[in-house]
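Before any comments, here is the structure.
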Amino acid sequence: MMYKVTIGLEVHCEVKTNSKNFSSAKNAYSEYPNENVDVVDLGFPGILPVANKEAFRKSLMMALALNCKTPDVVMFDRKNYYYPDLPKGYQITQNTKPVGIKGYLDILVNDEVKRVTIHDIHLEEDTASLEHRNGYSLIDYNRSGVPLIEVVTDPCIHSAEEAVTFLEDLRDLLYQKASKDKFG
């Protein structure tokens, strides 16, 4: 029996901004745990997240670079799930109205152009990070709320070589945008 490999990818790209996606906490790595955190990142009661305009602008640029259609209205949703490094119990993301839909990236594999179709690009926030030790775990909230662009392909990739080429070309596109417009 023959099998046909079918691959769809979700690629997370951290967005370089001064603050986090929905809070004013500094968006930077730190040697010290829980240094760049505020009440929005920790999900305190009564908090009101405010979208980061720069992160949104950069996600829109990425959507356009990947030939996506951009909607007239963009909406953020709460994706509710329990995970130990998700302090709010939900992630702010774009499920219903993402920043880009139905795009593509043409790649060259074995001297043949292959079109990888993009289902959507959406902006969301990262979770905190866990460090597992012998018998216990520690949580560092510095990463919680960092803006992420998630690029979701359709299941249209049919080999490891196509997947690697797509990822390399996507990386190159990100670097190209970063150098031209401080996208990174």
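The values are calculated or read from the model by the stated rules, or taken from the named source; none is laboratory data. Since the model is a prediction, treat every value here as computed from it, not as a measurement. Here the Cβ positions follow ideal geometry from the backbone for every residue, glycine too, while neighbour counts run over all protein chains shown. To get the accessible areas, we keep the full protein, side chains included, count just its heavy atoms, and leave off ligands, DNA and RNA. Shrake-Rupley method; radii C 1.70, N 1.55, O 1.52, S 1.80 Å.
Counting other Cβ atoms within 10 Å, which GluC sites (Glu not before Pro) in the stretch 4-49 have at most 12 and lie in a DSSP loop? Let's see the in-between values first.
On the way: sites: Glu10, Glu14, Glu31, Glu35; in loops: Glu31, Glu35.
Within the stretch 4-49, the qualifying GluC sites (Glu not before Pro) (loop, at most 12 other Cβ atoms within 10 Å) are Glu31.
Per residue of the stretch 171-176, in order, report the coupling 6.51 cos²θ - 1.76 cosθ + 1.60 (Karplus, θ = phi - 60°) as ³J(HN,Hα) in whole Hz, putting x for Gly and Pro.
Whole-Hz 3J(HN,Hα) from phi for the stretch 171-176: 4, 4, 4, 4, 5, 4.
Once amide H atoms are built 1.01 Å from N in the peptide plane, which residues 5 or more positions from Asn34, or in another chain, come under 5 Å H to H?
So Asn34 has HN proximity to Tyr141, Asn142.
Residue by residue through the stretch 17-28, what is 3J(HN,Hα) from phi via Karplus (6.51 cos²θ - 1.76 cosθ + 1.60, θ = phi - 60°)? Round to whole Hz and write x for glycine and proline.
Listing the rounded values in order: 9, 6, 10, 6, 5, 10, 9, 8, 5, 4, 9, 7 Hz.
Kirkwood hydrodynamic radius, computed over distinct alpha-carbon pairs, for the chain: how many Å, to one decimal?
Details: mean 1/r = 0.0566 Å⁻¹.
Value: 17.7 Å, from the Cα pair sum.
Would you mind putting 145-157, 126-138, 101-113 in packing order, based on average other-beta-carbon counts within 10 Å, highest first?
Working: 145-157: 21.3, 126-138: 11.6, 101-113: 13.3.
The densest-packed peptide leads the list: 145-157, 101-113, 126-138.
Return the subset of Lys26/Lys53; Lys79/Lys102; Lys97/Lys177 for which the Cα-Cα distance in this structure is over 19 Å, preserving the input order. Write out the running numbers ahead of the final one.
Details: Lys26/Lys53 15 Å; Lys79/Lys102 22 Å; Lys97/Lys177 24 Å.
Going by Cα-Cα distance, Lys79/Lys102; Lys97/Lys177 fall outside the 19 Å limit.
Just need the relative contact order of the chain here, percent rounded to a whole number, with Cα pairs under 8 Å and 6+ apart.
Numbers: 383 pairs, mean separation 51.0, N = 184.
It comes to 28 percent, rounded to a whole number.
Enumerate the amide H contacts of Asp154 below 5 Å, restricted to partners 5 or more residues apart or on another chain; note that Pro and chain-start residues carry no placed amide H.
Amide H neighbours of Asp154, under 5 Å, 5+ apart: Thr117, Ile118, His119.
Using alpha carbon centroids, what distance separates the stretch 123-184 and the stretch 25-82, in Å?
The stretch 123-184 and the stretch 25-82 have Cα centres spaced 14 Å from each other.
In Å², and per residue, what accessible area does the chain have when probed at 1.4 Å with the other protein chains present?
Values: 10880 Å² over 184 residues.
Per residue, the chain has 59 Å² of solvent-accessible surface.
Once the whole set of protein chains is in place, how much accessible area is left on Ile47, using a 1.4 Å probe, in Å² to the nearest 10?
30
Just the accessible area for Arg78, please: 1.4 Å probe, Å², rounded to the nearest 10?
150
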